[in-house]
Structure formats: C-alpha cells, structure tokens
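Colleague: Structure provided below as structure tokens; questions to follow.
The values are calculated or read from the model by the stated rules, or taken from the named source; none is laboratory data. What you see is a predicted model, and the numbers here were worked out from it, not measured in a lab. Here the Cβ positions follow ideal geometry from the backbone for every residue, glycine too, while neighbour counts run over all protein chains shown.
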There are 2 protein chains.
Amino acid sequence: MINVQQKAADVREASRILYSATTEKKNLFLRKLAHYLKDQRRNIMIANRQDMEAAQEAGLSKVLLDRLLLNEERIEQMIAGVHAVIALPDPVGKIVSRKKRPNGLIIERMRVPLGAVGIIYEARPNVTIDASILCLKAGNAVLLRGGSEALCTNAALVSVLKVALEKTGLPASCVEFIDSPDRTAVTEMLKQDKYLDVIIPRGSQSFIRFVAENSTIPVIMHGEGNCHVFIDKSANLTMAEEIVFNAKVQRPSVCNATEKLLVHKSIAKKFLPRIAKRLQEAHVELRGDDYARSILPSILPATEEDWYREYLDLKIAVKVVSSVEEAIQHINKYGSHHSDAIVTGTKSVGDKFLREVDSAAVYVNASTRFTDGYEFGMGAEIGISTQKLHARGPMGLEELTCTKFIVRGKGQIRK
Amino acid sequence: MINVQQKAADVREASRILYSATTEKKNLFLRKLAHYLKDQRRNIMIANRQDMEAAQEAGLSKVLLDRLLLNEERIEQMIAGVHAVIALPDPVGKIVSRKKRPNGLIIERMRVPLGAVGIIYEARPNVTIDASILCLKAGNAVLLRGGSEALCTNAALVSVLKVALEKTGLPASCVEFIDSPDRTAVTEMLKQDKYLDVIIPRGSQSFIRFVAENSTIPVIMHGEGNCHVFIDKSANLTMAEEIVFNAKVQRPSVCNATEKLLVHKSIAKKFLPRIAKRLQEAHVELRGDDYARSILPSILPATEEDWYREYLDLKIAVKVVSSVEEAIQHINKYGSHHSDAIVTGTKSVGDKFLREVDSAAVYVNASTRFTDGYEFGMGAEIGISTQKLHARGPMGLEELTCTKFIVRGKGQIRK
C-alpha cells in the first residue's frame with residue numbers, strides 16, 4: 001500500500017517540474033519516445049508474448065486476446081500517435097480571457113496543466129502510451145494503473161517512457177505505474193487526493209461506477225451512450241435512411257452508435273417499412289412501441305427497460321412520437337445525454353432540438369457517429385465525457401488543462 | 001429518506017423546464033421575488049425570531065447569532081442582490097466556439113445550464129436567496145439544505161421563492177428545500193447522483209471534506225486559503241508594506257487574507273523591521289524562521305506546521321528566502337493554491353512567478369484580497385473554487401453552466 005502512496009507522491013513532485021516545462025522540451029521528450037519505442041520494439045513484443053501466453057492459459061476470450069496483442073504494426077501505430085501529438089499545439093500558457101478593472105488591475109485567465117493525473121484502464125496496452133503522451137504534452141505527470149493481464153507489456157512500455165523522460169532531462173517520475181495486480185491497489189489509488197488532481201477511468205460501465213463511488217479525487221467519467229435519431233415530419237427521407245443506417249450499423253459496438261429511432265407519426269407509415277427493410281438486411285433486430293408494431297407487425301415489442309438500454313449491438317428500438325416536443329422529452333428522460341440527432345427540413349425545429357436536448361453532442365442532419373475527438377478536429381482524444389463538470393463530450397489536450405487567474409497591478413490594495 | 005430522494009427527483013424534473021426558459025422569464029421571476037421578499041418581510045422576520053430564540057436557548061455564540069439574524073436591513077440587502085442578478089447577462093445560449101470541419105459539419109459549443117444543483121450550507125440564511133437566484137438565473141433548479149439553526153427562516157424564504165416561481169409560471173420545484181434537521185438527510189442527498197448534477201458545499205473545511213468524501217455527485221469545493229506575499233529584492237518597499245498590511249489586516253477572517261510573508265534575503269534587514277512594526281501596531285502576531293528571527297529577535301519561532309496553516313486571524317509567519325525560485329517552491333509545496341502575490345520591480349521575475357505558482361489566482365504587485373467574484377468583475381459570486389476541475393477561483397454565473405456541442409450537417413455520415 002505504501003507503494004501506491006509513494007508513487008502518487010513522486011508523480012505530484014514530478015508534476016511541479018513539468019508544470020513549467022517548455023513546449024520544446026515536451027516535444028523533445030515525444031521525439032525521443034518515438035525513437036525508443038522503435039528501438040525497443042522487440043523487447044516490448046517479448047514482454048507482450050508473456051502476457052499473451054498467460055492470458056491464453058487463463059482462457060481469455062478471443063476478443064480480449066486481440067485487445068491485448070501488440071505486434072509490429074500496432075507499435076507503428078503507437079509511434080504514429082506520438083508524432084500526431086507532437087504536431088498538436090501546446091495548450092499551456094494560452095491566455096483565454098483578459099479584462100482591465102476600473103482600479104487598473106489587469107486580470108487574465110491562463111491555461112495551465114491540471115498537475116497529476118491518475119489513469120485507470122483495462123486490457124488494451126496502447127492506452128499506456130496514448131494516454132501518457134496526451135497528459136505529458138499538456139504538462140501533466142501521470143500515475144497509471146493498467147489491467148493485470150497486460151502487466152508485462154505495460155511495464156515494458158513504461159520503462160521506455162522513463163528512458164525517454166530521462167534522456168530529455170525530465171524526472172522519470174513524470175510517469176509512474178502501479179504494477180500490483182491486486183485490486184486493492186486501485187482502491188488505494190482512489191484515495192490519493194493529496195497528490196492526484198483527477199482520475200480518468202477507462203473501461204466498463206460497472207468499473208467506472210466503482211471508481212466514481214470510491215474516489216475522493218474528482219473523476220472525469222466516460223458514461224454510456226444511449227443515442228437517438230429522431231426523424232421529423234419534414235425530413236428528407238433518403239437522408240434520414242442514410243443517417244439512421246450509418247448511426248446504427250457502421251460500428252454498433254461503440255458509445256456514439258445509435259440505439260433508438262424516434263419517428264414522427266405523420267411520416268411513420270412511409271418511413272418505417274423502408275428503414276426496417278434496410279436495417280434487417282444488415283441483420284439489425286428491431287423492437288418497437290405499439291404504434292411502430294402496427295406498421296411493422298413482425299418486430300418484437302419494446303419494453304420500458306429497452307428505452308433506457310445501451311445495446312452496443314445490432315439492435316434498435318423504434319418509437320413513434322407526435323411532435324418534436326415529445327421526441328425531446330423522451331430523449332431527455334430516457335437517454336444517457338451522450339449524442340442525439342434530428343433529421344429535419346425545418347430550421348426552427350432543428351434549432352429547438354439543438355437548444356433543448358440536454359446531451360454532450362446534439363446534431364441536426366448528421367450521424368451521431370461523429371462524436372469523437374478526431375472528427376471534432378481536436379487531433380486526439382483521451383475519452384468522451386458524459387458528465388457536465390469540466391469537460392463534456394470528446395476530450396482533447398485542452399480538457400487535460402485548467403485555468404488560473406493571473407493579475408497584474410501597480411500596488412493596488414483593497415479598500 | 002424517501003423525502004430527500006423525491007425532492008431531488010422533483011428538482012430534476014423542474015430543471016428540464018428551466019433548461020430552456022428565456023432570459024425574460026428568468027428575470028420576471030427575479031422581479032417577482034424582489035416584490036414578494038419586500039411584501040413578506042414581516043413573516044420572514046417572525047420566522048427568524050423563532051430561530052433566534054431557539055438559538056439563544058441553545059447557547060449559540062454571539063458570532064453565530066449575528067450570522068443567523070435577519071432584520072429589515074439585511075432583507076433589503078437580499079433584495080438589492082436580486083436586482084443585481086437581474087442586471088447580469090444570461091450566460092445560457094452563448095456560443096463559445098465555432099468551427100467548420102472539412103466534411104462541412106459546423107461544430108459549435110453552446111453554454112447551457114448544469115441542470116440540478118445541490119447546495120448545502122450552514123448558518124447564514126441569506127445563502128438561501130443568494131445561491132438560489134444565481135442558480136436560477138443560470139437555468140438551474142436547486143435543492144437546498146441549510147443549517148438546522150435557520151430552519152424556520154429558510155422555510156419562510158423558500159416559500160417566498162416558490163410563490164415567485166408560481167406567479168411566473170415556472171414549476172415551484174425549481175427550488176426545493178430539505179427541512180429535516182437530521183444529518184443523515186445530508187448523507188442521503190449526497191447519493192442522489194441520478195438526479196443532481198453537482199453539489200456545492202459551503203461551510204467549514206471539515207464539513208466540505210465530509211461532503212467530498214461521501215458524495216457520489218461531483219462536488220465543487222471551496223478550499224482553504226493559505227495565501228502568501230513574496231517581497232522580491234527589486235520590490236518598491238513602500239508598495240510592499242502597503243500590500244502586506246492590506247492582505248493581512250484588512251479582513252483577516254477570510255480565505256483570501258494573507259497568512260505568510262516571504263522576503264528576499266537581500267532586503268530582509270531593511271524590510272522586516274519596518275513591516276513588523278506596522279503589523280505589530282495592528283496587533284498582528286508574527287512568527288518566523290531562524291533568519292527572520294535573527295532580524296526580529298522578539299518574534300516566536302515558526303514550526304513546520306505553521307507553513308501549512310490557514311490562521312484566519314491576526315497572525316502571520318515570516319520566512320526569508322534566497323531567490324524567487326525558492327519562494328515559488330515554498331508556495332507550491334506549503335500553500336493551498338488559493339491566492340499568492342509577488343511584489344517586484346522586475347517584469348521577468350513577476351512573469352516567472354505568474355507562470356510557475358500553481359494557484360487559482362496569482363498576483364504581481366497587488367493584494368491577495370482581490371480574489372472575489374465582485375472584484376474580478378463577475379458581478380456576483382457563488383463561492384471560490386480551489387479545485388482544478390470545472391471552475392477555479394471566484395465562481396460567477398458562467399461557472400454554474402456547462403457547454404454542449406451543437407453540430408449542423410447536411411446529411412453527413414461517417415465513413
């Protein structure tokens with residue numbers, strides 16, 4: 001246990017150096033990291049083989065084994081990721097607002113690193129590099145806790161990170177790694193509020209919930225995505241069909257895939273048979289409310305529970321509504337406030353939807369699948385926040401910083 | 001217990017209406033509130049008298065009794081506060097950024113209400129009005145839990161809030177109030193993450209700590225203020241004297257008052273006797289490190305614990321340092337990251353201090369006492385955050401909102 005606390009303290013200490021590291025120095029570190037990842041790829045793959053063998057023996061599923069695997073190609077992807085982060089502008093030091101007060105004080109808000117970030121993640125070892133480089137570019141030191149299946153791989157990657165830090169003249173403790181497979185190490189980490197400024201958990205919903213409930217450190221949560229597309233009565237139905245199909249089928253296992261289709265009553269008879277055919281051809285299972293089933297009698301009934309569910313699968317539930325107001329109410333009540341879209345030909349209806357739907361990303365006439373740091377032009381992504389405090393939606397470099405007030409005076413005192 | 005959960009659910013429900021209430025409607029509510037506060041002031045004072053009598057019987061201290069008291073003048077101040085909030089611009093609906101992506105999507109970030117805010121506070125009943133009006137103007141519904149000593153007063157104030165809401169045509173549940181004096185009601189409130197988006201605790205440090213440790217809802221914390229002034233070797237010593245005196249003496253009981261004086265070695269012999277005399281005349285107790293005591297032999301020694309302490313009293317600890325680097329290191333290590341100042345005549349030294357001190361507000365040549373929503377031009381303040389996520393420093397209306405992405409397309413789908 002002392003181990004976790006000591007590592008958190010070391011990360012905090014290192015964060016003070018990183019706090020005022022120049023962009024040049026941080027980029028030099030990233031270039032050295034790219035070099036040593038290439039140089040050390042054999043050792044990384046040997047470590048990964050150990051993890052893979054243990055995982056096979058333990059009977060991990062094919063999906064999990066694939067997530068765990070690091071081969072030459074995936075290491076090349078990591079290195080490409082490092083170069084992409086070098087190219088991103090450094091958010092630290094940016095002045096985001098400025099005002100002069102009547103007493104002559106000049107008050108600015110400057111973007112600065114958060115400080116010490118804790119990241120807790122599951123199987124995929126690429127997160128060790130992807131998350132670390134984003135944190136470090138934003139001036140944050142990082143305490144990592146990866147999945148126990150990837151212990152050897154993660155240890156190898158962290159030692160490469162540390163070599164690159166040392167060769168740059170930065171403290172090796174800018175990245176620390178908790179190598180205990182013991183779950184209590186996580187609980188211990190969540191209590192280090194003296195040293196860590198924020199915890200970012202990546203993993204299953206139940207895991208993220210566990211973190212939120214047990215952490216005394218602020219948590220940035222990546223919640224679930226029960227996303228909706230609403231087809232308004234004035235929608236272009238060809239556009240509607242393409243958007244629903246893309247939002248559901250293009251990659252059903254991710255959080256920005258659509259799980260619910262709401263259709264305006266006055267076009268339901270026309271639109272539903274058409275979209276049902278298209279979806280069913282792609283092996284999507286449809287469920288529906290009574291009205292939808294009166295048009296599509298072969299589909300299953302949707303239960304109350306269906307409206308809350310994130311399927312992450314080739315399933316969709318269909319509801320017929322009488323108005324945009326009913327659609328908005330349904331989405332705000334049953335949705336997870338992630339990504340929701342309307343297809344409409346009426347600007348005022350679209351604007352109403354944009355204004356009143358309380359989600360991280362709200363769309364008019366586009367697929368929900370665009371909620372993503374790269375698609376939003378952030379250049380990188382550390383996750384998608386569905387909470388409201390600090391960061392909401394895709395999180396890039398800026399979301400790994402905070403601001404402070406800097407105030408310049410000429411001797412002003414308060415009366 | 002069901003009572004707390006039901007009220008949280010009612011507040012959440014009401015927040016959906018408030019989410020898209022117009023500025024006109026919110027200001028209409030505020031005008032009606034000002035009217036009914038004036039109209040009902042006798043009833044409010046009768047309720048307050050009940051609380052005062054019970055508090056006197058319970059033997060509350062004079063300070064606490066004074067905090068609890070509501071008289072005609074204080075109700076007038078509340079009403080003035082309502083008019084001040086009417087005059088503030090509505091942050092909701094403001095577009096804070098806009099970009100067009102290569103695929104034609106237009107991505108904007110729009111400021112929107114947080115939703116449902118929980119406020120837990122202690123004795124002072126004016127918070128019932130002050131906090132509610134800021135939350136409501138920012139489009140948030142609010143669940144209040146005030147101190148048990150102020151139960152009757154708070155109930156009277158809440159009933160005025162509800163009348164004003166109803167007369168405006170807004171749901172009365174935009175403000176709900178937990179009237180149980182039982183402490184377990186607080187614990188229950190902290191678990192309502194299904195309904196509440198954020199908790200803002202106001203009170204003692206131990207109380208805020210209790211909230212942070214027990215809440216499953218994100219908390220915005222108002223931490224302590226162990227503030228520093230560092231006098232650099234190039235400082236104008238007259239300016240330095242005025243700033244230190246103001247920062248320590250003008251109002252020692254508040255979080256932005258200065259608790260520590262750091263002095264550059266090369267001016268210590270000249271400056272310390274002068275500032276010590278001025279402070280001692282104002283009955284400030286000085287403590288010092290060995291070097292400071294070699295110049296001021298009569299003062300007490302400062303212990304390691306002193307460097308961490310927030311006195312909130314006429315006390316100050318003095319340390320002599322050899323460089324601005326040492327001052328920055330000391331502040332970042334022992335400080336509470338609230339407000340810290342340098343007095344210097346050298347621009348590069350001031351800039352270094354502004355950049356490297358990791359506090360919510362960092363000053364060059366001004367008193368730490370300016371860290372305040374009004375002084376920073378926010379027009380109002382719901383507290384001062386010393387945490388890094390979401391809001392840092394004085395929090396005004398904007399800090400009671402979040403943003404969402406609104407995306408406009410022409411049928412774009414993801415490849």
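Colleague: Does residue A:165 satisfy the criteria of being at pLDDT 95 or above, assigned by TED's automatic domain parsing to the domain that holds residue A:14, within 23 Å of residue A:68 (Cβ to Cβ) and of a type in the set (A, V, I, L, M)?
Modeller: Here the answer is no, as residue A:165 does not meet what is asked.
Colleague: OK, next. Suppose the filter is surrounded by 24 or more Cβ atoms within 10 Å (Cβ to Cβ) and assigned to a loop (DSSP other than H, G, I, E, B); does residue B:341 pass it?
Modeller: no
Colleague: While we're looking at this one, here's another question. Restricting to segment B:1-45, name every residue that is touching a residue at least 40 places away in the same chain (Cβ under 8 Å), aliphatic (A, V, I, L, M), more than 21 Å from residue A:357 (Cα to Cα) and assigned to a helix (DSSP H, G or I).
Modeller: Result: B:4, B:28, B:30, B:33, B:34, B:37, B:44.
Colleague: Right, residue B:151: in contact with a helix residue (DSSP H, G or I) (Cβ under 8 Å, 6 or more places away or on another chain), crowded, with 22+ Cβ neighbours inside 10 Å and of a type in the set (A, V, I, L, M, F, W, C) or not?
Modeller: no
Colleague: Any residue at all in segment B:326-335 that's acidic (Asp, Glu), within 20 Å of residue B:251 (Cα to Cα) and outside any strand (DSSP E or B)?
Modeller: No.
Colleague: Moving on to the next point. How many residues does segment A:243-278 contain that are farther than 16 Å from residue A:289 by Cβ, touching a strand residue (DSSP E or B) at 6+ places or on another chain (Cβ under 8 Å) and of a type in the set (Lys, Arg)?
Modeller: Of the residues in segment A:243-278, 1 are farther than 16 Å from residue A:289 by Cβ, touching a strand residue (DSSP E or B) at 6+ places or on another chain (Cβ under 8 Å) and of a type in the set (Lys, Arg).
Colleague: If I ask for residues that are assigned to a strand (DSSP E or B) and either touching a Gly at 6+ places or on another chain (Cβ under 8 Å) or outside the structural domain of residue A:149 (by TED's automatic domain parsing) (or both), which ones from segment A:107-122 would you list?
Modeller: Those that are assigned to a strand (DSSP E or B) and either touching a Gly at 6+ places or on another chain (Cβ under 8 Å) or outside the structural domain of residue A:149 (by TED's automatic domain parsing) (or both): A:107, A:110, A:111, A:112, A:113, A:120.
Colleague: While we're here: Can you tell me which residues in segment A:253-270 are buried (at least 18 other Cβ atoms within 10 Å of the Cβ) and modelled with pLDDT under 95?
Modeller: A:255
Colleague: Residues to consider are B:103, B:126, B:140, B:71; find the one that is assigned by TED's automatic domain parsing to the domain that holds residue B:8, polar (S, T, N, Q) and free of Cβ contacts under 8 Å to residues at least 40 places away in the same chain.
Modeller: B:71
Colleague: Restricting attention to segment B:359-389, which residues are in contact with a helix residue (DSSP H, G or I) (Cβ under 7 Å, 6 or more places away or on another chain), under 17 Å from residue B:256 (Cα atoms) and modelled with pLDDT under 95?
Modeller: Matches in segment B:359-389: B:380, B:382.
Colleague: Please go through segment B:84-123 and give me each residue that is within 13 Å of chain A (Cβ to nearest Cβ), small (Gly, Ala, Ser) and farther than 19 Å from residue A:390 by Cβ, ordered by number.
Modeller: Within segment B:84-123, B:93, B:104 meet the criteria.
Colleague: A further question follows. Suppose the filter is more than 30 Å from residue A:342 (Cβ to Cβ), more than 10 Å from every other protein chain (Cβ to nearest Cβ) and either among the hydrophobic types (A, V, I, L, M, F, W, C) or surrounded by fewer than 23 Cβ atoms within 10 Å (Cβ to Cβ) (or both); does residue A:230 pass it?
Modeller: no
Colleague: Do any strands (runs of 3 or more DSSP E) entirely within segment A:256-323 hold 1 or more residues that are under 27 Å from residue A:394 (Cα atoms), and if so, which?
Modeller: Per the criteria, A:258-264, A:315-321.
Colleague: What tally of residues in segment B:66-102 results from selecting those that are of a type in the set (D, E, K, R) and surrounded by 13 or more Cβ atoms within 10 Å (Cβ to Cβ)?
Modeller: Going through segment B:66-102 one residue at a time, the tally reaches 6.
Colleague: A follow-up question, please. Among the residues of segment B:288-295, is there at least one that is in contact with a helix residue (DSSP H, G or I) (Cβ under 6 Å, 6 or more places away or on another chain) and within 14 Å of chain A (Cβ to nearest Cβ)?
Modeller: no
Colleague: Just need a number here: residues in segment B:346-368 that are over 18 Å from residue B:330 (Cβ atoms) and either surrounded by fewer than 19 Cβ atoms within 10 Å (Cβ to Cβ) or acidic (Asp, Glu) (or both).
Modeller: Looking only at that region, the number is 4.
Colleague: Restricting attention to segment B:390-413, which residues are in contact (Cβ under 8 Å) with a residue 60 or more places away in the chain, more than 7 Å from every other protein chain (Cβ to nearest Cβ) and part of a strand (DSSP E or B)?
Modeller: Listed by number, the residues that qualify are B:395, B:401.
Residue by residue, here is whether (1) within 14 Å of another protein chain (Cβ to nearest Cβ); (2) in contact with a helix residue (DSSP H, G or I) (Cβ under 6 Å, 6 or more places away or on another chain) holds:
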| position | (1), (2) |
| --- | --- |
| B:305 | no, no |
| B:308 | yes, yes |
| B:320 | no, yes |
| B:324 | yes, yes |
| B:330 | yes, no |
| B:340 | yes, yes |
| B:345 | yes, no |
| B:349 | yes, yes |
| B:357 | yes, yes |
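Colleague: Related question: Can you pull out every residue in segment B:369-388 that is farther than 27 Å from residue A:217 by Cα and surrounded by 24 or more Cβ atoms within 10 Å (Cβ to Cβ)?
Modeller: Those that are farther than 27 Å from residue A:217 by Cα and surrounded by 24 or more Cβ atoms within 10 Å (Cβ to Cβ): B:369, B:370.
Colleague: Can we say residue A:244 is in a helix (DSSP H, G or I), crowded, with 20+ Cβ neighbours inside 10 Å and more than 9 Å from chain B (Cβ to nearest Cβ)?
Modeller: Here the answer is yes, as residue A:244 does meet what is asked.
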